[in-house]
1. Quick check: anything in the range 155-170 under 22 Å from LEU107 (Cα atoms), over 17 Å from the mean Cα position of the chain (by Cα), assigned by TED's automatic domain parsing to the domain that holds ALA88 and at pLDDT 95 or above?
2. Only one residue in LEU77, LEU34, LEU93, LEU84 is under 15 Å from LYS143 (Cα atoms), surrounded by 13 or more Cβ atoms within 10 Å (Cβ to Cβ) and more than 20 Å from the chain's Cα centre (by Cα), so which one is that?
3. Out of the helices (runs of 4 or more DSSP H) lying entirely within the range 26-91, which hold 3 or more residues that are more than 20 Å from GLU14 (Cβ to Cβ)?
4. Of everything in the range 104-157 that's closer than 27 Å to ALA88 by Cα, without any contact (Cβ under 8 Å) to a residue 60 or more places away in the chain and basic (Lys, Arg), which residue is surrounded by the fewest Cβ atoms within 10 Å (Cβ to Cβ)?
5. Does the range 63-88 hold any residues that are under 26 Å from GLN25 (Cβ atoms) and small (Gly, Ala, Ser), and which are they?
6. Go through (1) farther than 27 Å from MET191 by Cβ; (2) of a type in the set (Gly, Ala, Ser); (3) surrounded by 16 or more Cβ atoms within 10 Å (Cβ to Cβ); (4) more than 17 Å from the chain's Cα centre (by Cα) and name the single condition ALA61 misses.
7. Among VAL189, VAL193, which is at pLDDT below 95 and of a type outside the set (Lys, Arg)?
8. Out of all the residues in the range 49-75, which are among the hydroxyl-bearing types (Ser, Thr, Tyr) and touching a residue at least 24 places away in the same chain (Cβ under 8 Å)?
Amino acid sequence: MPKVSAELTNARREEIITACEALYQTRSFKEIALKDIAGATSFTRTSIYNYFQTKEEIFLALMQKEYERWIEALDALANAYTTLSVEAFAGALAHTLEKRGLLLKLLSMNHFDLEENSRPECLREFKVAYGASIDAVDRCLVKYFPAMDGKARQDFLYAFLPFLYGLYPYTTVSPKQREAMSRAGLRFVYMSVYDMAYGCIRALLK
C-alpha cells in the first residue's frame with residue numbers, strides 16, 4: 001500500500017463506512033457485498049482492501065460510529081439537567097435510543113460472526129467505543145441517581161444493555177412478519193422504540 005496521509009486514510013475510511021450505511025438503509029447485511037460498497041465509493045474495489053479486509057470489518061466500523069453518535073447524546077443528557085425524576089430520566093434516555101435506529105438495527109445482527117471475521121485491531125477499536133458507551137450511561141446514572149451504589153448501577157447496565165439487542169426486531173415488523181403472526185394466531189401489540197425503552201428503563205430504576 002503506498003504511503004498516504006492520515007487525513008486521506010481517515011477520509012477514505014469514512015467514505016467506505018458512509019457508503020455501507022447508505023446501502024444498509026435499503027438492503028440487508030446478506031444482500032450487501034464488498035463490490036456493492038466499492039461501487040458506491042469514488043475508488044476501486046481493490047482499494048477497499050487497503051482499509052478493510054472483510055465486509056464484517058466495515059459493518060463493525062459502522063456500528064462503532066453509531067456508538068460514538070450515541071455517546072454524544074448520552075453526554076449531552078448527563079450535562080443537560082440538575083436533577084431528573086425516574087420518569088423524566090427514562091423518557092430522556094429512551095429518546096436517545098429513538099434517534100439511533102441504525103444502531104439498533106446493527107445490534108440485532110449476529111455479533112459473534114461479525115467480530116470473528118474482523119481483525120483484532122478492528123475489534124479493539126470497536127470495543128473501545130462500546131466500553132465508552134457503557135461509561136456514558138453510567139455517568140448519567142451517577143449524575144441523576146446518586147443514591148445508587150456501584151452494584152445497583154452494574155445491575156442496571158447488565159439488564160439494560162442486553163435489552164437493546166432485541167429492540168429493533170420487536171419494534172420493526174415487516175408486512176410479511178405481520179401476516180405470518182396473524183396466520184399463526186399471535187396477538188402482537190405494536191410498540192415504538194421509545195415506548196419499549198421507556199418502560200424498560202422505568203421498571204429497572206423502580
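The values are calculated or read from the model by the stated rules, or taken from the named source; none is laboratory data. Computed from a predicted structure; not experimentally measured. Here the Cβ is made from the backbone with ideal geometry for all residues, glycine too, and neighbour counts use every protein chain on show.
1. Yes, the conditions are met somewhere in the range 155-170.
2. Step by step, each of LEU77, LEU34, LEU93, LEU84 is checked, and only LEU84 is under 15 Å from LYS143 (Cα atoms), surrounded by 13 or more Cβ atoms within 10 Å (Cβ to Cβ) and more than 20 Å from the chain's Cα centre (by Cα).
3. Here the list reads 55-80.
4. That would be LYS151.
5. ALA73, ALA76
6. ALA61 satisfies all of (1) farther than 27 Å from MET191 by Cβ; (2) of a type in the set (Gly, Ala, Ser); (3) surrounded by 16 or more Cβ atoms within 10 Å (Cβ to Cβ); (4) more than 17 Å from the chain's Cα centre (by Cα) except (4).
7. Of the residues listed, the single one that is at pLDDT below 95 and of a type outside the set (Lys, Arg) is VAL189.
8. As a first pass, look at the range 49-75 and keep what is among the hydroxyl-bearing types (Ser, Thr, Tyr): 49, 51, 54, 67.
Across the range 49-75, the qualifying residues are TYR51, THR54, TYR67.
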